[in-house]
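Each remark here refers to the structure printed beneath this line.
The values are calculated or read from the model by the stated rules, or taken from the named source; none is laboratory data. Because the structure is a prediction, the values reported are computed rather than measured. Note that we place each Cβ from the backbone using ideal geometry, even for glycine, and neighbour counts take in every protein chain shown. Accessible surface areas use protein heavy atoms only, side chains included; no ligands, DNA or RNA. Shrake-Rupley method; radii C 1.70, N 1.55, O 1.52, S 1.80 Å.
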Amino acid sequence: MADMLPQTDEEWARVLAPAEFDVLRKAGTEAPWSGELLEENREGVYSCKACGAELFRSQTKFDSGCGWPSFYDPSSSDAVTTDVDYKLGYPRVEVRCAKCQSHLGHVFPDAPQTPTGQRYCMNSVALSFAPNEEK
């Protein structure tokens, strides 16, 4: 099957760059203000760097001032999954790609300026960006 995804850490390590592997498969976090997609302002689609699944659209991206690309809503209700993580000793809601279960970042209910009140705080290294075609 052409759609087969890697299954083991060793397989993922062969297809992802080290920084991508650390974030996507080991739930790491890139340094704030370091991601190449933070200042991306073109219209387009943000997809999972590991499997290519569509995750977010530029219409829901906003400047939250947190140092990571932020969105107020996924592109569809089944694009991502969430689960509570306690890695820092307190509960945070982790966001993963629904297709490949790669770690993307966290979601916080601290964006009252958005339609949903949510801030999906994503790692740039976990995302690919495809700009809309010029018309």
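Some observations on this one:
- Descending principal axes extents, the chain, alpha-carbon based, whole Å: 48, 42, 28
- Descending by average beta-carbon neighbour count within 10 Å, the peptides 37-44, 113-120 line up as 113-120, 37-44, the highest first.
- Packing, taken as the mean count of other beta carbons within 10 Å per residue, orders the peptides 14-24, 85-95 from highest to lowest as 14-24, 85-95.
- Across segment 60-135, C-alpha contacts under 8 Å between residues 6 or more apart give a mean separation that, scaled by the residue count, equals a relative contact order of 27 percent.
- Relative contact order (percent, whole number), the chain, Cα cutoff 8 Å, 6+ residue spacing: 27
- Here the sum of -39500 (n - 2.57) over DSSP H runs of 4 or more residues, divided by the residues of the chain, equals -2500 deg cm²/dmol at 222 nm, to the nearest 500.
- Per residue solvent-accessible surface (Å²) - the chain, probe of 1.4 Å: 57
- Percent accessible area from carbon and sulfur atoms, the chain, protein chains only, probe 1.4 Å: 50
- Cα-Cα separations in segment 94-135 greater than 14 Å, expressed as whole percent: 59
- Among the cysteines of the chain, those whose beta-carbon sits 4.7 Å or more from every other cysteine beta-carbon are Cys66, Cys121.
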